[in-house]
Structure formats: C-alpha cells, structure tokens
Amino acid sequence: MVKVAIIGTGPCGLSMLRAFEQAEKKGEKIPEIVCFEKQEDWGGLWNYSWRTGSDQYGDPVPNSMYRYLWSNGPKECLEFADYSFDEHFGKPIPSFPPREVLYDYITGRVNKGNLKNKVRFSTSVSKVVYDGNSFEITSHDKKNDKFSKDIFDYVVVSTGHFSVPYIPEYPGMKSFPGRIMHSHDFRDAEEFRGKNVIVLGSSYSAEDVALQCHKYGAKSVTIGYRNNPMGFKWPKGVKEVHYLDKLVGNKAIFKDGHEQEADAIILCSGYLHHFPFLTEDLKLKTRNRLYPPKLYKGVVWQDNHKLLYLGMQDQFHTFNMFDCQAWYARDVIMGKSKIPNSSEIEKDINKWVALEEKLENPDQMIDFQTEYTKELHELSDYPKIDFELIRKHFKEWEHHKVEDIMTYRNKSFSSPVTGSIAPVHHTPWATAMDDSSKVFLNQPKK
Ligand SMILES: Cc1cc2nc3c(=O)[nH]c(=O)nc-3n(C[C@H](O)[C@H](O)[C@H](O)COP(=O)(O)OP(=O)(O)OC[C@H]3O[C@@H](n4cnc5c(N)ncnc54)[C@H](O)[C@@H]3O)c2cc1C
Ligand SMILES: NC(=O)c1ccc[n+]([C@@H]2O[C@H](COP(=O)([O-])OP(=O)(O)OC[C@H]3O[C@@H](n4cnc5c(N)ncnc54)[C@H](OP(=O)(O)O)[C@@H]3O)[C@@H](O)[C@H]2O)c1
C-alpha cells in the first residue's frame, strides 16, 4: 500500500487530510497516511500559543499570531467550497472575524471525521532523506523523548513559512536601552500602552502591529519602511517615515532625518522559508513571493515528483487556495493527475515566474493569484466556488484599505459559496477591544 507522510497540520495539512477523506467518502481506496505535528494540537498558526522562543522540550515555537488578531482579509475570500461559514456557524457572521472564530471554523471541518487518529501530535520531523525510491523520515516524539524512523512513498511538506523570523540588525541595537523584538514574538499590544514604539517594515505585520499598538494605547507609533511606504491615511499618533539609519541611545534616527525617542522596536521584517529537516536536494529555497520557482503548479517539487509542498506562496488567497493545492496533490499521489515531461514542467514554471516578475501593483497581484488558483481548481474535483466574486472582493477590500485603514474591517461582503451577505459587525473594529468568539458572535437581533 502507498504510504504518505504529511508534515504539519496547519490549514494546509488539514486541507490535505480533508482531500483524502473526501476521496474515501466517494469509495476510492486512499493511501495509508501518517501526519506529523510538532504541536500538541492542530490548526497551525491559528492555534494560539502564549509561548515564545522554545517550548518545554527545547523545540522552536512556530506560532506568530497574537491576542486581538482579526482576519486582515474578508473571510468570504478564504471560505472553503465544501464547508461554508453559514454551515459551520448556523447563521451568517460578519466578514472580518478574530483569530478564535477562524480557528473554530478551520478545525470544525476536520473535527467531524476520524482524522485525528492519523496525526502523531507533539512529534517533530527532524530529517527527511530520499534514497532514490522512498523517503526515510526521522521524527521525535517530544513527550516520550523517542526518535523513530519510518519509510514513505510520498511526502507532503505543509510546515508553513511564517514561523522562522528574519531578524536584521541596525547600528546601535546593542546599546539600545529598550525592548527589541520581532513580530513573531509579539503576543499582546497592551504591553506597549503609553510607550513610544518603532515598527520596522512595510507589509501586513508592520501595518497590523502598528495599528494594534495604537488601538491598545501606545503613546506614539513610528513606522520605518525600507523600500516603499504603505502610504495609508494613518490615525493621529501613527506616522510612517523612511528606514531606520541607526539608534543612538534610545533615539531612533531615520534616513529622512526624522528622529524619535523609543521605548521599543518591533521588527516586522518578515520570515524565512526554513526546512532544516530536508536534505539539500529536496529543499525549497525562496523569498516570500507569489510563485516560488521549482514547484510545478506551485505544488510538485520539480526534481522529485513524490515530494509536494503546500502553501509556500505569498498569500492573498489562503484556505480555498490551499484546498485546491491539496486536492491536486491528492490526485497526483493517487495517480489520477498525470505530471507532464520535464520540458513541459520547466515551461509551465517559467511562464508563471515570468508573469509574476512583471506585477506592479496589488490589483495585478490579486489577478495573478486568482488565475493561478482557478487553473489549479480545474485540475481536480474540488467543489465549485465563485473565484470571480473573490477576485472582486479582494480588489474592493484593497480600495477600502486605501480609503481608511481604520475602518476597512467594518465592511461586509457576500459569500462565494452560499451567496449570503455578511451582517455588519455590532462594534466597529477600532473600538472592539474584546476579540473573544462569544462577544464577536453575539450579534444583537435587529
Ligand atoms: C501573524 C500572521 C497573521 C496571519 N493572518 C492571516 C489572516 O488574517 N488571514 C489569512 O488567511 N491568513 C493569515 N495568515 C497567513 C497564514 O500563513 C495562513 O493563514 C495559514 O496559517 C498557513 O497555513 P500552513 O498550514 O501553510 O502553515 P502554518 O499555519 O504555519 O502551519 C504549519 C504547521 O506545521 C507544523 N510544523 C512545522 N514544522 C514541523 C516539523 N518539523 N514537524 C512537525 N510539524 C511541523 C507547525 O507546528 C504548524 O502546526 C497570517 C500569518 C501570520 C504570520
Ligand atoms: N491578520 C492580520 O492582521 C495579519 C497581521 C500580520 C501578518 N499577517 C500575515 O502574515 C504574513 C506575513 O506578513 P509579514 O508582514 O510578516 O511578512 P512579509 O509580507 O513577507 O513582509 C516582510 C516585510 O519585511 C520588510 N523587511 C525585510 N527586511 C527588512 C529590513 N532589513 N528592514 C526593514 N524592513 C525589512 C519588507 O520590506 P521591503 O518591502 O522593503 O522588502 C516587507 O515589508 C502575511 O501573510 C500577512 O497577511 C496578517
């Protein structure tokens, strides 16, 4: 019997499990599956942990999410085609849920089956070696401190790429008297109440960490961008300046001459694709981009078609794109989808990479990833979902952000699965301080 290893049970690993489950329900004979998950439970980044640094076994903590994190895109854009929000919550809910609500949705779809018995929890994969025929996986059962070796025909890498921080150094950091941290270790904006905070970066973490600190009472927030400013209309108390030049004592001096006293510096400088458990011949090496090279259809490792990666792209689309990838990966593994010859593969990868390199603005990037996801969708029996509506929603969302970065999360969108329209949330995001599911879902009846 074919044996498949899935490494990681974040949203991507869970999509993979679901894809096999759905084939089995249709009467197909599925391979033997073993999932490895280094945390005690599934859900990946959405499974919040207060821990930072390393866990009780000395293993690096993968979690990068924080208290009061809300979805930064409309939930309608990430909805599962085979499990709608309406089905899970029994009613339409607002478009920008907090983390706990999305965690409940993601895990709700897989909790219904018997999938947990396929997962070895608290078990970290430490080595994957291919011998020309099969893979040998070494894993560490952290609770019992026991190493095991198992042989597999296929390996699916779904370990995410927002867990290992990229940490640059600036002159003066060694003698800075305040706190310096990466957004990976950011857990609660309350810590910065009354403080002068410097945020370095110009992407989603910089944007949201800056707004979080502002919302929970920081005295001032100064964002230092490196290449391009985000350029939003920031609320009073938040400003965006050009790149940190150096720190002198507790003073941050920026390239544009701006100076700011600082209590804390939060590096929102992104993450590394990091796969220390893979040998060099199997390892994806890429920056965070929409089409990492060497992956056919964004999934199949060009040099070894028995190795598949999920979710390695920079992401506008998330959960339903991961599903399309997983359904396709399943069909490759089960021999239902044929991989073309190496020159066709090369041509296809090059086509996408060349297109990606020409992208100039968010609208074009949204179009690019929508086209990619639509193409992938055609390759399997993943249920129908309205990607044209999702494309339209993403562009509208981008424009809402430009209009007002403080209010975009108050908007409502329609479902690409059920067509239902989300109610407007009972409290505007800027004043909603409690992010619990109970409070969020307690929408007063009209
Ligand atoms: C701060 C932050 C906020 C985000 N907010 C949003 C949002 O609002 N909306 C959205 O759609 N997306 C958001 N994302 C994007 C996020 O990448 C995806 O939503 C999703 O979590 C990716 O799923 P994944 O399965 O690829 O990776 P992950 O969620 O990272 O899961 C990977 C899993 O692999 C496990 N693992 C890693 N290494 C090993 C190993 N060696 N052995 C065994 N197990 C291992 C980890 O423990 C983890 O459970 C956010 C990301 C970050 C960092
Ligand atoms: N739900 C939410 O609210 C929320 C919150 C946070 C994050 N997220 C998600 O988390 C994921 C990761 O986002 P991310 O912003 O952490 O990573 P990212 O999108 O990869 O962006 C990395 C940023 O780091 C900057 N950078 C790199 N090196 C730097 C240096 N030496 N000095 C200053 N800046 C530097 C880059 O700047 P250049 O552009 O100049 O290269 C870029 O702005 C995304 O999927 C995002 O959607 C979601």
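The values are calculated or read from the model by the stated rules, or taken from the named source; none is laboratory data. Note that this is a predicted model, so its numbers are computed, not measured. No Cβ is skipped: glycine too gets one built from the backbone with ideal geometry, and neighbour counts run over all protein chains shown. To get the accessible areas, we keep the full protein, side chains included, count just its heavy atoms, and leave off ligands, DNA and RNA. Shrake-Rupley method; radii C 1.70, N 1.55, O 1.52, S 1.80 Å.
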Item to complete: Check 95, 126 and return the single one that is under 18 Å from residue 426 (Cα atoms) and either part of a strand (DSSP E or B) or open to solvent by less than 50 Å² (accessible area, probe 1.4 Å) (or both).
Response: 95
Worksheet entry | From the options 77, 35, residue that is in contact with a strand residue (DSSP E or B) (Cβ under 9 Å, 6 or more places away or on another chain), more than 7 Å from ligand 1 (Cβ to nearest atom) and under 20 Å from residue 109 (Cβ atoms) | 35
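Quick grid of which residues meet (1) open to solvent by 20 Å² or more (accessible area, probe 1.4 Å); (2) within 16 Å of ligand 1 (Cβ to nearest atom); (3) part of a loop (DSSP other than H, G, I, E, B):
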| position | (1), (2), (3) |
| --- | --- |
| 286 | yes, yes, yes |
| 290 | no, yes, yes |
| 305 | yes, no, yes |
| 320 | no, yes, no |
| 326 | no, yes, no |
Item to complete: Filter the stretch 161-198 down to residues that are at positive phi and touching a residue at least 60 places away in the same chain (Cβ under 8 Å), then give me how many there are.
Response: 1
Worksheet, complete the sentence: Just one listed residue, out of 53, 13, 73, 43, is open to solvent by less than 40 Å² (accessible area, probe 1.4 Å), away from ligand 2 (no atom under 16 Å from the Cβ) and touching a residue at least 12 places away in the same chain (Cβ under 8 Å), and it is 13
Discussion item. So for the stretch 124-132 (the condition being in contact with a His (Cβ under 7 Å, 6 or more places away or on another chain) and farther than 28 Å from residue 205 by Cα), does at least one residue qualify?
Written reply: yes
Practice prompt. Determine if the stretch 263-284 includes at least one residue that is within 30 Å of residue 76 (Cβ to Cβ), among the β-branched types (Val, Ile, Thr) and open to solvent by 10 Å² or more (accessible area, probe 1.4 Å).
Written response: no
Worksheet item: Can you name every residue in the stretch 169-205 that is in a loop (DSSP other than H, G, I, E, B) and in contact with a Ser or Thr (Cβ under 6 Å, 6 or more places away or on another chain)?
Response: 201
Worksheet entry | Test for residue 414: is it open to solvent by 10 Å² or more (accessible area, probe 1.4 Å), in contact with a strand residue (DSSP E or B) (Cβ under 6 Å, 6 or more places away or on another chain) and not aromatic (Phe, Trp, Tyr) | yes
Worksheet item: Based on what the data block shows, is residue 439 out of contact with any Cys (no Cβ under 9 Å at 6 or more places or on another chain), open to solvent by 40 Å² or more (accessible area, probe 1.4 Å) and within 22 Å of residue 327 (Cα to Cα)?
Response: no
Item to complete: Just one of (1) in contact (Cβ under 8 Å) with a residue 12 or more places away in the chain; (2) farther than 19 Å from residue 320 by Cβ; (3) not aliphatic (A, V, I, L, M) trips up residue 132, so point out which.
Response: (1)
Item to complete: Kindly list the number of the only condition in (1) open to solvent by 20 Å² or more (accessible area, probe 1.4 Å); (2) away from ligand 1 (no atom under 11 Å from the Cβ); (3) more than 19 Å from residue 238 (Cα to Cα) that fails for residue 176.
Response: (1)
